[in-house]
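Scroll down for the structure; my scribbles are underneath it.
The values are calculated or read from the model by the stated rules, or taken from the named source; none is laboratory data. All values reported here derive from a predicted model rather than from experimental measurement. Cβ placement follows ideal geometry from the backbone for every residue including glycine, while neighbour counts extend to all protein chains displayed.
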């Protein structure tokens with residue numbers, strides 16, 4: 001990112017937010033009947049992050 005700013009290069013970032021580690025959650029759902037451990041995330045406010 002520092003190089004993009006320094007060189008004035010436009011950057012587009014796409015955030016896919018499912019509030020989890022999706023592959024791990026799907027595996028736990030399949031193998032452990034929906035019991036999940038350590039795959040749900042609390043995310044930052046992405047709009048505020050992008051505005052910063």
Out of all the residues in segment 21-29, is one or more in contact (Cβ under 8 Å) with a residue 24 or more places away in the chain, outside any loop (DSSP other than H, G, I, E, B) and out of contact with any strand residue (DSSP E or B) (no Cβ under 7 Å at 6 or more places or on another chain)?
no
So which residues in segment 1-20 are part of a helix (DSSP H, G or I) and under 15 Å from residue 43 (Cα atoms), if there are any at all?
none
So, in segment 16-37, exactly how many residues are modelled with pLDDT of 80 or more and loosely packed, with under 10 Cβ neighbours inside 10 Å?
7
